[in-house]
Amino acid sequence: MAVSAPKRLVIGITGRIGSGKTTAADYLAEHGFGHIRYSHVLADWFKEDPEQKSELQVVGWDVMSGGQQQELNRRVIAKIDTDRDWVVEGLRHPVDYRSMKNAFSSQFHLVYIDTPQDARWSRLHKIARFRSFEEFLTAEKHPVEQNITELKPFAELWITGGDPLQQLYEPLDNFVASIRKDKQ
């Protein structure tokens, strides 16, 4: 009896600012996953610098509040080809989850990284992303960030993040292995 090839995986990564989303996504990318970030698609769409996070928050909120979240999701999904596994970083709204689930059905799996605020602030301050705690809080309280916790119930894996970020790797490895085993 021939064994069919396992279907590709599309893993979404969500969590608050500084939770470890990029570290987790980069880790999966190092292990063969294509990597796409909502922020990069948004930056490309509006010709913004993807490293200017505060500007992207404003643009992201304009998209979200202006009813264009579906269009953003369409653009993200259009970049995902069928030739490999993918990690999609930065889902921020239940619409993002529903769009991914509708597009990829049982191939889509959501991971929520839940990291305490003090660990996130410390990490981001250390890399000079924010100069002050007040600046960090302003970014964290931005309206575009407020729907992230609504994604928790959809997550198939919750990881409590902290330092070192490498502690994300084992749960991700186990999760991917479990999904692959279930799909065979």
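Some observations on this one:
- Scanning the stretch 123-147 for residues that are of a type in the set (Gly, Ala, Ser) and either in contact with a His (Cβ under 7 Å, 6 or more places away or on another chain) or free of Cβ contacts under 8 Å to residues at least 40 places away in the same chain (or both) yields Ala128, Ser132.
- The criterion of being among the basic types (Lys, Arg) and under 26 Å from Thr160 (Cα atoms) does not hold for Lys79.
- Looking only at residues of the stretch 42-68 that are in contact with a Ser or Thr (Cβ under 8 Å, 6 or more places away or on another chain) and surrounded by fewer than 21 Cβ atoms within 10 Å (Cβ to Cβ), we find that the one that is farthest from His142 (Cα to Cα) is Pro50.
- Residue within the stretch 81-104 that is over 22 Å from Leu157 (Cα atoms) and outside any loop (DSSP other than H, G, I, E, B) present: no
- Looking across the stretch 14-72, the residues that are in a loop (DSSP other than H, G, I, E, B) and touching a strand residue (DSSP E or B) at 6+ places or on another chain (Cβ under 9 Å) come down to Arg16, Ser19, Gly20, Phe33, Pro50.
- Checked against the criterion of being of a type in the set (Gly, Ala, Ser) and free of Cβ contacts under 8 Å to residues at least 60 places away in the same chain, the candidates Ala43, Ala24 yield just one match: Ala43.
- Of all residues making up the stretch 136-165, the number that are among the aromatic types (Phe, Trp, Tyr), part of a helix (DSSP H, G or I) and either within 15 Å of the chain's Cα centre (by Cα) or surrounded by fewer than 18 Cβ atoms within 10 Å (Cβ to Cβ) (or both): 1
- Cβ separations smaller than 9 Å between residues 6+ apart or across chains give the following pairs from the stretch 82-109 residues that are at positive phi to residues that are of a type in the set (Asp, Glu) and outside any strand (DSSP E or B): Gly90/Asp96.
Bear in mind these aren't lab numbers, they're just calculated from the coordinates by the rules spelled out. As the structure is a prediction and not an experimental result, all values here were calculated from the model. All Cβ positions, glycine included, derive from the backbone under ideal geometry; neighbour counts span all protein chains shown.
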